[in-house]
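Enquirer: Below is the structure I would like to discuss, written out as structure tokens.
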Amino acid sequence: SKWRVVLPGRGTQWEHWKRPATFYAGNKIQTTKYTWFTFLPRNLFEQFHRLGNLYFFFLVVLDGLPRVEIFHKEVTVLPLLVVLLASMTKDAIEEYRKYQYDKTINSSKTKVYNK
């Protein structure tokens, strides 16, 4: 039975705002799914859930075995690296655009109507 106190502006009751605000999440919008620290591991995890990337990774692993080596290792790794770098670049640009949009929305002015 906790009540959420929402106060417009910094009125005379501002000192009472900090206590209830610790129990509730803010109204900040966040549509990004990565942070700067989690981009590389999470993106690689998602990239290797695609069948084509797993196929190229499987070829790289097979080519690493001395008895199965068909091509030079650099030639086998090249298609996988090109596809991964292209996908990661596209995802990074999309994430940055989402971050900029979230930042714009979260810093925009709003109107508060009182009854």
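The values are calculated or read from the model by the stated rules, or taken from the named source; none is laboratory data. Keep in mind it's a predicted model, so treat the numbers as computed, not measured. Here the Cβ is made from the backbone with ideal geometry for all residues, glycine too, and neighbour counts use every protein chain on show. Note: accessible area is taken over every heavy atom of the protein model, side chains too, but ligands, DNA and RNA are not part of it. Shrake-Rupley method; radii C 1.70, N 1.55, O 1.52, S 1.80 Å.
Enquirer: May I ask you to list pairs of residues, at least six apart or on different chains, whose Cβ atoms are under 7 Å apart, with the first in region 34-56 being under 12 Å from L80 (Cα atoms) and modelled with pLDDT of 90 or more and the second being among the aromatic types (F, W, Y) and open to solvent by 60 Å² or more (accessible area, probe 1.4 Å)?
Expert: Pairs found: F48/F57.
Enquirer: Scan (1) of a type outside the set (A, V, I, L, M); (2) exposed (fewer than 12 other Cβ atoms within 10 Å of the Cβ); (3) over 30 Å from Q30 (Cβ atoms); (4) free of Cβ contacts under 8 Å to residues at least 24 places away in the same chain for the single condition S107 breaks and write down its number.
Expert: Going through (1) of a type outside the set (A, V, I, L, M); (2) exposed (fewer than 12 other Cβ atoms within 10 Å of the Cβ); (3) over 30 Å from Q30 (Cβ atoms); (4) free of Cβ contacts under 8 Å to residues at least 24 places away in the same chain one by one, S107 breaks only (3).
Enquirer: Can I ask one more? Please work out which residue is most open to solvent (accessible area, probe 1.4 Å), limiting yourself to region 28-63 and to residues that are more than 9 Å from the chain's Cα centre (by Cα) and among the basic types (K, R).
Expert: Applying the filter and picking the extreme gives K28.
Enquirer: I would also like to ask the following. Among the small types (G, A, S) and out of contact with any Lys or Arg (no Cβ under 8 Å at 6 or more places or on another chain), is that true of G52?
Expert: Answer is yes for this residue.
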